[in-house]
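Below is one structure, written out as structure tokens; comments come after it.
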Amino acid sequence: MKKYNGHKISQVMPGSIAEELNIEPGDFLLKINDEIIEDIFDFQYMVQEDHLDILIRKADGEEWLLDIDKDFDEELGIEFENGLMDDYRSCSNKCIFCFIDQMPKGMRETLYFKDDDSRLSFLQGNYVTLTNMSDKDIDRILKYHLSPINVSFQTTNPELRCKMLGNRFAGEALKKVDRLCAPGTGIEINGQIVLCKGVNDGDELERSISDLTKYIPNLQSVSVVPVGLSKYRDGLYPLEPFDSEDAKKVIDEIESWQKKIYAEHGIHFIHASDEWYFLAGRPFPEEERYDGYIQLENGVGMMRLLINEFDEAVEDIKQRYGDKLKDFKQEISIATGRLVYPCIKELADKVSEISPGIKIHVYEIINEFFGERITVSGLLTGQDIIKQLKGRELGQELFLPENLLRSGEDYLLDDVTIGDISKALEVPVGISKCDGHYLAAILFGVEPE
Ligand code: SF4
């Protein structure tokens, strides 16, 4: 068993209880109310008391026992060196569709880390398979009322789940959902199905959707996303890409379930990700069908939201600038993945129709790094962008979508920075938020509202 050394404090918030008590960065939190703290969940739960005895070890080794009276929900004002306050749990699966297995060698080491840690589900919204979650973990989720939790189902057929996840306990692990969704737990779950052609689609998808409806209302939504296939699949399970006809079938299946489920439960529950609509060449569903955009992070409804926000923003800009819009002038460029290119092009054309002096070059970037079948903007690399835009007309500024960057970072998946792109293409590079208001403002060259 790992030796318990407490948790190193990295930050103390100005004006906080911790600062008043002279707790400093570098100190270690050892115990709260005489109990050791396993991880961030223990900590968050334990500090919700109005009386706390906190044991701190100072940098010189001296131990302080601090007696604190505070409001129930008042924070202590400390942050820890390790946000999870524990080691990250890696996954115990070998999924046939795992994207990490399809990445080329030589990328940044952290990109190869396979996490499957339920704590990251609450903290960062990661999807977990439940295969390495113990009964004790479930007890804690129920006790601490940790919710929502995001679960990667793939299928409810136990044997098929074992095969897809490459884990003989993966079918059994589904039983944990029964505990989480038992009457009165109040735990909310969002689910995901990564669809693999000829594996968990068709009748298997029917079965999964039907089985999963029994968990409503705890299970609030399930998204169905197509498997991502890079060009690095040598030696991996043979998976085929979905084509337009497949996408139409998947959408029809999902939309027919939506009608049934809505009539019974008042929610649409099962959602096809935007990719299916692009692939099928069909318009995106109306806003109401996304149940408050509950699966936005999973690429469900992003385009509907973007289009609606954009149209709203254009009306607003027309009101603000009226006839002056005819005289607006600028020449800019936008680079996107192939998937969203037609949609962004259509929005850019709308702007040029209103303001003929505005010239917008929209470029679709083919993903040579991972292979052409990867069409989402979020997996584009700096080297592809530079190579494909070199010598093209870029105007006064090039805009790239913000989902190319991991939050708070300024480099892309291949470690090329925004500065590198700007230097190589000799143009200022701006980042466009995935937000229709922001996009409209950029295209018209006005301040976002
Ligand atoms: S759970 Fe499956 S898809 Fe996720 S990291 Fe592990 S092997 Fe890959």
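The values are calculated or read from the model by the stated rules, or taken from the named source; none is laboratory data. Bear in mind the structure is a predicted one, so any value in this text is a computation, not a measurement. Cβ sites come from the backbone with ideal geometry, for glycine too, and all protein chains shown count toward neighbours. Only protein heavy atoms, including side chains, enter the accessible area calculation; ligands, DNA and RNA are left aside. Shrake-Rupley method; radii C 1.70, N 1.55, O 1.52, S 1.80 Å.
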Would the range 427-441 turn up any residue that is touching a Cys at 6+ places or on another chain (Cβ under 7 Å) and under 30 Å from GLN102 (Cα atoms)? no
Would the range 113-130 turn up any residue that is touching a residue at least 40 places away in the same chain (Cβ under 8 Å), away from the ligand (no atom under 11 Å from the Cβ) and open to solvent by 50 Å² or more (accessible area, probe 1.4 Å)? yes
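Residue by residue, here is whether (1) open to solvent by 90 Å² or more (accessible area, probe 1.4 Å); (2) over 36 Å from the mean Cα position of the chain (by Cα); (3) closer than 24 Å to ASP87 by Cα; (4) of a type in the set (Phe, Trp, Tyr) holds:
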{"position": "ILE9", "(1), (2), (3), (4)": "no, no, yes, no"}
{"position": "PRO14", "(1), (2), (3), (4)": "yes, no, no, no"}
{"position": "PRO25", "(1), (2), (3), (4)": "no, no, yes, no"}
{"position": "LYS31", "(1), (2), (3), (4)": "no, no, yes, no"}
{"position": "ASP39", "(1), (2), (3), (4)": "no, no, yes, no"}
{"position": "LEU65", "(1), (2), (3), (4)": "yes, yes, no, no"}
Which numbered condition in (1) part of a loop (DSSP other than H, G, I, E, B); (2) open to solvent by 20 Å² or more (accessible area, probe 1.4 Å); (3) within 13 Å of the ligand (Cβ to nearest atom); (4) in contact (Cβ under 8 Å) with a residue 24 or more places away in the chain is the only one that CYS98 fails? (4)
Odd one out for GLY292 among (1) outside any helix (DSSP H, G or I); (2) surrounded by 14 or more Cβ atoms within 10 Å (Cβ to Cβ): (2)
Within the bounds of the range 143-158, is there any residue that is touching a residue at least 12 places away in the same chain (Cβ under 8 Å), touching a strand residue (DSSP E or B) at 6+ places or on another chain (Cβ under 7 Å), open to solvent by 60 Å² or more (accessible area, probe 1.4 Å) and away from the ligand (no atom under 13 Å from the Cβ)? no
From the set of residues in the range 101-112 that are out of contact with any helix residue (DSSP H, G or I) (no Cβ under 7 Å at 6 or more places or on another chain) and either part of a loop (DSSP other than H, G, I, E, B) or open to solvent by 50 Å² or more (accessible area, probe 1.4 Å) (or both), which is farthest from the ligand (Cβ to nearest atom)? GLY106
Are any of the residues in the range 232-242 within 23 Å of ILE100 (Cβ to Cβ), buried (at least 19 other Cβ atoms within 10 Å of the Cβ) and more than 24 Å from the chain's Cα centre (by Cα)? no
